[in-house]
Amino acid sequence: MSVVTNTTTIGAIEAPSRRNTELMLLAFAVIIPVFAYINVGLALDGKLPAGVLGYGVGLGLLAGVAHLAVRKFAKYADPLLLPLAALLNGLGLVMIWRLDQSPRLIQRAEKLFGGFSPDAPKQLLYSAIGIGLFVGVLMLLKDHRILQRYTYISMAAALVLLILPVFFPAVNGAKIWISLGPFTIQPGEFAKIIIAIFFSGYLMVKRDALALASRRFMGLYLPRGRDLGPILMVWAMSILILVFETDLGTSLLFFGLFVIMLYVATERTSWIVFGLLMSAVGAVGVASFEPHVQQRVDFWLNPFAEETWRQSEQIGQALMSFGSGGTLGTGLGQGDSDLIGFAANSDFILSTFGEEMGLAGMMAFLLLYGLIVERGVRTALAARDPFGKLLAIGLSGAFAIQVFVVAGGVMGLIPLTGMTMPFVAYGGSSVIANWALIGILIRISDTARRPAPAPAPSPDAEMTQVVRP
Amino acid sequence: MNKPLRRIAIFCGLLVLALLVRTNWLQYVQADDLNTNSKNRRVLIERYAAERGNIIVDGKPITGSVETNDTDFKFKRTYVNGPMWAPVTGYASQAFDANQIEKLEDGILTGNSDQLFFDRTMAMFTGDKKKGGNVVTTLNGAAQKAAYEGLGSKKGAVAAIDPQTGKILALASTPSYDPTTFAGYGASDEKAWNALERDKNKPKLNRALREVYPPGSTFKVVTAAAALEHGVIDDIDAATDTPEPYILPNTTRPMVNHANGCKNASLMKALEVSCNSVFAKLGDEVGRDKMLETAQKFGFNDPEIDTPVRAAASVYDKNMDRPGNALSSIGQFNTATTPLQMAMVAAAIANDGKLMKPYMIDQLETPKLDVIKKTEPQEMSRPLSQKNAQLLQKMMENVVESPNGTGGKAKIDNVTVGGKTGTAQHGENNSKNPYAWFISYAKTADGSPVAVAVVVEDSEAKRDDITGGGLAGPIARDVMKAVLDSKK
């Protein structure tokens, strides 16, 4: 075992870069989805799917490019993040392809839109763009601290991204989309990264003011008004998102993100109390006059109620998917999760995993997400600069909250909100943004794990020799 | 900043843990509830996902499956001679669920039953397509046809049993319905279903098993059995001490006879011409509790006569007063019975007092025709001794043979036939056309191969023409004849 030691006389011993570990894990992350792909093909048609070679090579190439980029630009990065993301992305592609084969969904699309086009090829393209962005982040962002410079620009950008969808028509009841010609973008996915950058920059500067310049009141530290301003603004923002865009998930995500980062920056528990109080006030306030939110809560409590079944059917169908999967699942390609219909391969894709891979598969699957979050938090712990710490915990916290909100919603643990399961759900914005997120985390972890540069030879060395009489 | 970071790590861990607990809860604890949820279409999809097994009569399927190009339901149920067999098969509809054998044996028919686990596993290795198993019934096609055609456009039901085994040979109910017409889930299926639901003749009702009628005079054989069993009568040819008119106990109401010569008539004579007074008095002498005991041995008041399709419970009131009991003894008042129950009565008598449990599923087969489960004949009870059963046989045969007997229409050449007619009044003040009943059995040298009960509910005939012997007797004869012919 090599131990990193720094003394003035012994040069730094390089920390193991773990790139080969990453390569091995990546090989698994490619092989497992390829097997899954073959499995689906055999289950559905009884023969090897025609595209298996292309799919395998494509996935392998993407993983290979990403790996080479890490090897070149982030030599000391965490070895687990990339394979985990690649595995999830690959499994997601298989599931989307599997749902593309569903006659039920094809017929539904033909009836509603007069035609059906498979989503898997598009998702493969989005994944390629996502990995492109990942490589771009590693190439262009030599040091994550550069992002500090853009604190207020980030805030402006995030605000614009969040407010823009208000001016576009609602899609399926939620205003979370911007449509630019043939493209639709879900800006919330990108906003989550940009807002984490803003918070990190802002809090790094203000953390002492927030933590110390406060009065004690009933056992809590109340901050000064001018420090509290931006926080109140974010709270108001998240409520506004909720009201105008009827996007429960995104508002929960931003608010949770901010509370986490405030707490980490100030190390004051009172912020959590404030955060919870404020979100409770906001949620109750909005729920009392916003029918969309009330409805969601209703559906959550009574998914099988006769009166609301027409609208709550999706949630009920998702629950029945999980039930149908049971302990071991029906096997890939052999479930009926496509009964969910609309959004089966995006918001509800987890149900297909639940049904076809069963409890065993779901546990493994959730643990994959847990591992990504864990590696993110570890990166935050290892980071040496407060900005990096805040950014890493912000991004991984956002990731964790998103996974919880989506999976919890689909599984009926909390009311359903319209967000996508990172990496597996169909949707360009989501895949691309999450690859960028992983890119930034890898950059921070590279900086954190990079051994300290060897100390410069001391010019005084000669002078301090022991002089013998 | 590391302390709050560690706490956040724990918080994130708790989020993931909550999800893990929830997925365990959903997929392990609640899985069964969710899978049996009435809104879960998977049950239906599974029911029609593979070619469904068949219900077999005389070695030939009376059901079938056609492939559809639907995404949910790959196969659709079809029925051979649907209306005739509907009381046996029930229906399996993509939109309206299933009932009777189609529902009770769904596991075998879809191939999902645990009993087929081995076959499924083998099919997995051999690459065979999944297919359902078969349900082989005890029914006799010729007897069913005779029963169904005998009922024709009349409203009524027929139940025929093999007295020696309890095998149900015919189970007809009219008016009937064709389960094929609503086997799918399209607009025409819905229309057919709604029309059936609205039809005031209730074609979906399985009258042979699920409808209870006042049995009328056919119940007199039960009263006779009770009188013999409990020693009230020893000699069936001895005159009884019956006045004419007989006044119901504790009332001033006379028991009206439609027959002549009932005064002090012997049991033999009383059954032959169907004397109300003799049997009402006999029932009173036996007493309610002993009447009840015998009736229950025949199967009355049993809510769980499962063939396996459950028959409605026939009723002999447990708490009625003396006049009520006397009236019940001639099949009126509260007494009500299913056609199956009366067939069981005839069968028990024909089988020398031994009542066999009625059943209609002979065996269950795998898709490869291996037998999974065979129903063995089972004794249900002994309502009367062999000696008394033979005495009753003598009386019932007399009903058919004697020139004055009411059951002459059931006579079959060269075969011993015993029977009893019944004309049950119903409606307020007996205003409606009475139900015509006939129960009978045929006997050969090897014992009795068939006992049958026929009820014709309502017919076009004028009221005065309705008698059990006239309307129901010929149907019973045809059914018995069909069974006898198929034995040759």
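The values are calculated or read from the model by the stated rules, or taken from the named source; none is laboratory data. What you are looking at is a predicted structure, and each value in this text was computed from that prediction instead of being measured. So basically every Cβ, Gly included, is an ideal-geometry build from the backbone, and we count neighbours across all protein chains shown. Accessible surface areas use protein heavy atoms only, side chains included; no ligands, DNA or RNA. Shrake-Rupley method; radii C 1.70, N 1.55, O 1.52, S 1.80 Å.
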Restricting segment A:379-415 to residues that are open to solvent by 10 Å² or more (accessible area, probe 1.4 Å) and over 30 Å from A:Gly358 (Cα atoms), the residue that is modelled with the lowest pLDDT: A:Arg384
Residue in segment A:345-365 that is in contact with a Cys (Cβ under 7 Å, 6 or more places away or on another chain) and surrounded by 20 or more Cβ atoms within 10 Å (Cβ to Cβ) present: no
Residue that is open to solvent by 10 Å² or more (accessible area, probe 1.4 Å) and under 30 Å from B:Ala187 (Cα atoms), where the choices are B:Lys39, B:Lys60, B:Lys3: B:Lys39
Some residue of segment A:353-365 being at pLDDT below 95, part of a loop (DSSP other than H, G, I, E, B) and facing another protein chain (nearest Cβ under 7 Å): no
Evaluation of A:Glu306 against (1) within 27 Å of A:Gly428 (Cα to Cα); (2) open to solvent by 50 Å² or more (accessible area, probe 1.4 Å); (3) at the interface with another protein chain (Cβ under 10 Å from one of its Cβ atoms) (one fails), failing number: (1)
Selected residue (only one of B:Ala238, B:Ala259 is in contact with a Cys (Cβ under 7 Å, 6 or more places away or on another chain), under 30 Å from B:Pro403 (Cα atoms) and surrounded by fewer than 19 Cβ atoms within 10 Å (Cβ to Cβ)): B:Ala259
Complete set of residues in segment A:233-280 that are over 21 Å from A:Asp208 (Cα atoms) and outside any helix (DSSP H, G or I): A:Thr246, A:Asp247
Subset of segment A:281-303 (residues that are within 12 Å of A:Ile239 (Cβ to Cβ), open to solvent by less than 80 Å² (accessible area, probe 1.4 Å) and in a helix (DSSP H, G or I)): A:Gly282, A:Ala283, A:Gly285, A:Val286, A:Ala287, A:Val293
Hits in segment A:110-149 (condition: small (Gly, Ala, Ser) and surrounded by fewer than 19 Cβ atoms within 10 Å (Cβ to Cβ)): A:Gly114, A:Gly115, A:Ser117, A:Ala128, A:Gly132, A:Gly136
Criterion (over 21 Å from A:Lys122 (Cα atoms) and away from every other protein chain (no Cβ under 11 Å)) met by exactly one of A:Pro415, A:Pro422: A:Pro415
Single unsatisfied condition, B:Ser176 versus (1) in contact with a Gly (Cβ under 7 Å, 6 or more places away or on another chain); (2) closer than 15 Å to B:Trp85 by Cα: (1)
Among (1) within 27 Å of B:Tyr435 (Cβ to Cβ); (2) among the hydrophobic types (A, V, I, L, M, F, W, C); (3) surrounded by fewer than 22 Cβ atoms within 10 Å (Cβ to Cβ) - the single one B:Val278 does not satisfy: (3)
Selection from segment B:287-306 of residues that are surrounded by 21 or more Cβ atoms within 10 Å (Cβ to Cβ) and part of a loop (DSSP other than H, G, I, E, B): B:Gly299, B:Phe300
Strands (runs of 3 or more DSSP E) wholly inside segment B:307-418 that include at least 1 residues being hydroxyl-bearing (Ser, Thr, Tyr) and surrounded by fewer than 23 Cβ atoms within 10 Å (Cβ to Cβ): B:379-381
Scan of segment A:315-335 for residues that are free of Cβ contacts under 8 Å to residues at least 40 places away in the same chain and either among the charged types (D, E, K, R) or within 26 Å of A:Val243 (Cβ to Cβ) (or both), ordered by number: none
Only one of B:Thr223, B:Thr242, B:Thr218 that is assigned to a loop (DSSP other than H, G, I, E, B) and among the β-branched types (Val, Ile, Thr): B:Thr242
Single match in A:Thr464, A:Thr447 (criterion: surrounded by 16 or more Cβ atoms within 10 Å (Cβ to Cβ), over 20 Å from A:Phe342 (Cα atoms), at pLDDT below 95 and of a type in the set (S, T, N, Q)): A:Thr447
Positions within segment B:41-66 being at pLDDT 85 or above and over 21 Å from B:Lys368 (Cβ atoms), in sequence order: B:Val66
Search result, residues across segment A:82-107 that are more than 30 Å from A:Thr379 (Cβ to Cβ) and touching a residue at least 12 places away in the same chain (Cβ under 8 Å): A:Trp97, A:Arg98, A:Leu99, A:Asp100, A:Gln101, A:Ser102, A:Arg104, A:Leu105
Per-region count, segment A:309-339, residues open to solvent by less than 30 Å² (accessible area, probe 1.4 Å), within 16 Å of A:Gly412 (Cα to Cα) and away from chain B (no Cβ under 11 Å): 1
Counted residues, segment B:65-81 - those being within 17 Å of B:Asn54 (Cβ to Cβ) and touching a helix residue (DSSP H, G or I) at 6+ places or on another chain (Cβ under 6 Å): 2
